[in-house]
Structure formats: structure tokens, C-alpha cells
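The values are calculated or read from the model by the stated rules, or taken from the named source; none is laboratory data. Remember, predicted model here, so these are calculated numbers, not experimental data. All Cβ positions, glycine included, derive from the backbone under ideal geometry; neighbour counts span all protein chains shown.
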DNA sequence: AGGCATGAGTGGTCTGACCACATTCAAAAA
DNA sequence: TTTTTGAATGTGGTCAGACCACTCATGCCT
């Protein structure tokens, strides 16, 4: 009889602890020594669980300070991991496709919803487009995901976005501003199909730019 | 100066070792003690790396036997992350919505793809519809997700389906057979919008039946 | 030939000991 | 007084050694 691996229990225990104490990203979790004592296991076992979670990008450890819930801002570790898991093209393509699935669903949801509540946020981007100032692509897409109202979809999207290698890294160019303007217009007029079409056109543009970058490097 | 996170290097070293020695899924990798000696690190450090890979489903350990490579395509990344994503999401509505997002995306993908290769599978359901025999709802939807070709989406869907309380439990009724027939027809004729409309009608029917069940109990 | 005991090898776990680093705070210096 | 210094403390990172539980192969005994 193989008894279940202890470190797996620790993973679940830590998850439960996070839930019970309502810890949020950036918060500190108990030290390894304290966890070992509380859970009545050796420190090495606790470490095996923590290392696993760290490789997943769920926690972040800083020597001399402690262990913290990852605030989802560091994609570094995740990238190392994705080179391991997502080696084959099929997997990479799946991640990209699935991410797009959630984005388009969010777009649909926004177009279907009431306009009034979200007007303020879009106006923020609109004005930035008008006055020529710039913004990060990721901020725009993330706002879109938030406005969809589906928090689960937002969470899944955020992870996929991390694992697909900064697809929206950087600030928008002049050409893109034009496209985003059209997307916003379509959303405001609740023309779902147009919005989706324009959005996919934007994604294609980004994809091409990304491939050119890869060639250069 | 000192690069912390030695176990991360071990992860990469192991990956390199796998590539160099051309190890395939099922093969045995060196023991923890041998790895520690070869890589000139402590055994606990090796173990931290191995536990991380095990949590992801990249390797499999059997006490008394050794550590073996598992098929990288069966990685458990999604499962592990789900325990953290779904932990606080008590919003059953989000789960249902997100599941539907993936189902509709699969439906779209199937309609977009070439029909010929997957005709056999649909014919299986078709004939069962024709000859009056029945089948489980879940089998039908799962086949649909598989045929979408996106394995990641399939994995996410499977988890969501588990978390949303057996939405497709049971066998199809006579009324539903009619609807499924229309769905299949729309798919074969690659009429995406019709297929989606019919599918959502079916889902609505299931939802209503479920609510009635809840009232009875 | 078949069954059984033994030992070597392996992963699973714990302990204790260092190290490197960050923070804190009281003592020393300005 | 204010500023600087440095020792104390707590943290993660690593290592070595020791057991335990388990598997498997060897070879011995019946």
C-alpha cells in the first residue's frame, strides 16, 4: 500500500490555510519552520510542497523575508516552466487558442450587457486615444476581461496569458490605436460581430509583429 | 552574485539530461542519490526539483523502484491550478457560464473544421438516434469537446463540468433526441450559428429540468 | 521445482546544522 | 539631539546523515 504522498497533503493544507485566513496576493504566508510545526511534518516536506507551488508561480519566496502569495506580476518563473511543459507546438497553440476563446467570450458578454455601467472605463481609453497618450495593451485587454463580469473566466485568462509568453507586452502603436478605436465603437453600438472581427484583426497584427521579433532575435 | 534557486537549475539539468540521453516516457531516470552526486548538490535539493516535476505530472515516482518519465502530454498543470482557481469561486453561475464558453467554442471549431475525418463519430450518435437506442448526455458533449482538437480546452471543460454538479448527468430523453438531431445536422452543414442556437436551446432545456428536480427534492 | 529469507537499492521523511540575506533596534558616534 | 553602526533575530537555501517502507533479485532451504 502506497500511502498518499505527504507533500501533496501539504499542498492542500496550504491551500486551505490561504482560504481560511483569506490571504490575498502579496500577503505573507507562515514561515517554513512554523508551517512544519503547525502541520506536524518535517521542514523538508514543507519545502517540497512550497517548491512545487513556486514552480507553478503560485507563491514567491524571498530569502531573508519569507514566502508570499504571488501577485501575478512575475512571469519569469512561469516562462521557465512553459518551456518545459509547452514544448510542442500543439500545446502552445492550444494555450493561444484557449486564451482567445475567453477573450472573445468576454467581448460578447460586454456587447450584450448594459452600456451605462462600463462607459466610464472605456472613456478612459477613448480619451487616451484622442489625446495621443499611450497605454499598455495588457491593460486594455485585462479591463475587457474584468468588464465581462465572469471572474472565473478572468482568472483562467490571466493564467493563460502568463503561460503564452506576454502576448500583449508593450504599448500600443499608432496603427493599433486606429483598430482599438474601431473595437470600442463596435462595443458601444453593441455590434458583437464587428467587435469580434476587429478584435481578431488586432490579434493577427500582434501575432505577426511577434513573429518578426522572433526572426530578428 | 550567488544565484539562488538552485533547484530551478536542477529542473533544467534534468530536462537537459532527458534530451541528451534521449529518454522516453516510461523510462527510468537516475536515482535521487545518483543525481545528487552527478550534479554535485544535496539530495534534498534534487528532491525539491523532482517533487515540482511530479506535481506537474511530468515524472512519476514509485517507492522502492525509482523515478520514471511520464508522458509530457499528460501534464497535470490544469488540475493543480484549478484547485487554486476554483477555491473561492462559489459563484456557480461563473462556472456554468465558463463551461458554456468552452462548449460553444468547441462547437465553432468543429463547424469550421473539415467534416470528413470526424464523420464516423457523429454517425455513431446518429445511428443511435435513428434506431431508438439511448446514450448519456455527457458522452455526447465530451465527444464534442474532444473533436474540437483543443486538448487544453478539453481539460478545462472537464474540470468545470465536475465542479458544476453533473450538468449532463443521465441519458437523453425523446425530446432531446430531436434537438440533438438538429445540432448534428447543423454541424454537418457547417451552419455555425444554427448549431450554437440549437445547442443553447438544449442547455436551457436541461437547466429547466434541473431546476424542477431541485424543487422536488 | 517451488517457496522463502535476506540484502541491496530506492523513494519518503525527519533532524540538525550551517550559510546568505533582510529586518529590527539598541548602542555608539556624530 | 540626530545619525550611523552593528549585533541579534528570523527567514529561506542547502547539505549531510539517519531512519523507515517498499521493491526486486539473489540464493538458500524445503
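Of note:
- Pairing each residue of the range A:144-157 that is within 17 Å of residue B:103 (Cβ to Cβ) with any residue that is surrounded by fewer than 19 Cβ atoms within 10 Å (Cβ to Cβ), provided the two are 6+ apart or on different chains, yields C-beta distances under 6 Å for A:152/B:89.
- Residue list for the range B:1-14, restricted to those being away from DNA strand D (no atom under 11 Å from the Cβ) and assigned to a loop (DSSP other than H, G, I, E, B): B:1
- Residues within the range A:1-14 that are within 11 Å of DNA strand C (Cβ to nearest atom), at pLDDT 85 or above and away from chain B (no Cβ under 11 Å), tallied: 1
- Residue match in the range A:115-123 (condition: closer than 17 Å to residue A:203 by Cβ and in the same structural domain as residue A:206 (by TED's automatic domain parsing)): no
- If only residues of the range B:71-83 that are in contact with a helix residue (DSSP H, G or I) (Cβ under 9 Å, 6 or more places away or on another chain) and more than 8 Å from chain A (Cβ to nearest Cβ) are counted, the one that is nearest to DNA strand D (Cβ to nearest atom) is B:76.
- Among the residues of the range B:57-86, those identified as under 20 Å from residue B:151 (Cα atoms) and assigned to a helix (DSSP H, G or I) are B:72, B:73, B:74, B:77, B:78, B:79, B:80, B:81, B:82, B:83, B:85.
- Matching entry among A:62, A:38, A:33, A:43 (being within 11 Å of DNA strand C (Cβ to nearest atom), more than 11 Å from chain B (Cβ to nearest Cβ) and surrounded by fewer than 18 Cβ atoms within 10 Å (Cβ to Cβ)): A:33
- Number of positions in the range A:15-29 that are touching a residue at least 12 places away in the same chain (Cβ under 8 Å), away from DNA strand C (no atom under 14 Å from the Cβ) and either more than 12 Å from chain B (Cβ to nearest Cβ) or in a helix (DSSP H, G or I) (or both): 4
- Of all residues in the range A:34-57, those that are within 11 Å of DNA strand D (Cβ to nearest atom) have Cβ atoms under 8 Å from Cβ atoms of residues that are assigned to a loop (DSSP other than H, G, I, E, B), 6 or more apart or on another chain, in A:36/A:42.
- Top-ranked residue in the range B:160-206 [being outside any helix (DSSP H, G or I) and farther than 21 Å from residue B:121 by Cα; ranked as modelled with the highest pLDDT]: B:167
- Count - residues of the range A:129-153 that are facing another protein chain (nearest Cβ under 9 Å) and either assigned to a helix (DSSP H, G or I) or surrounded by fewer than 22 Cβ atoms within 10 Å (Cβ to Cβ) (or both): 4
- Among the residues making up the range B:101-128, a single one is outside any helix (DSSP H, G or I) and at pLDDT 75 or above: B:113.
- For residue B:125, the test of being under 23 Å from the mean Cα position of the chain (by Cα) and over 30 Å from residue B:75 (Cα atoms) is passed.
- Filter pass, residue B:54 being assigned to a helix (DSSP H, G or I), at pLDDT 90 or above, in contact with a helix residue (DSSP H, G or I) (Cβ under 9 Å, 6 or more places away or on another chain) and more than 7 Å from chain A (Cβ to nearest Cβ): yes
- Assessment of the range A:91-100 against the conditions (crowded, with 20+ Cβ neighbours inside 10 Å, touching a helix residue (DSSP H, G or I) at 6+ places or on another chain (Cβ under 8 Å) and modelled with pLDDT of 95 or more) yields at least one matching residue.
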